[in-house]
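Q: Here it is, the structure in full.
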Amino acid sequence: MGLAVARYGARVEPVASAGYDDIVAWAGPIVQSLLDGDPSAGPGSGMRPSAE
């Protein structure tokens, strides 16, 4: 929902002028991690402390 508002409602650049493939490449892994329930693949995954 937020991506749609940024792209079409508020026309936030560079999201508004990005191509479909660019949006999918950027947002796809984030959405997939939310669907899979895999927090290690989501945004900020490089900033989480390791469990070891």
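Q: Scan segment 1-24 residue by residue and report those that are open to solvent by less than 100 Å² (accessible area, probe 1.4 Å) and either of a type in the set (Asp, Glu) or outside any loop (DSSP other than H, G, I, E, B) (or both).
A: 2, 3, 4, 5, 6, 7, 9, 22, 23, 24
Q: Report, by residue number, each residue of segment 7-50 that is at pLDDT below 85, among the small types (Gly, Ala, Ser) and on the phi < 0 side of the Ramachandran plot.
A: Result: 9, 40, 41, 42, 45, 46, 50.
The values are calculated or read from the model by the stated rules, or taken from the named source; none is laboratory data. These numbers come from a predicted model, not from an experiment. To get the accessible areas, we keep the full protein, side chains included, count just its heavy atoms, and leave off ligands, DNA and RNA. Shrake-Rupley method; radii C 1.70, N 1.55, O 1.52, S 1.80 Å.
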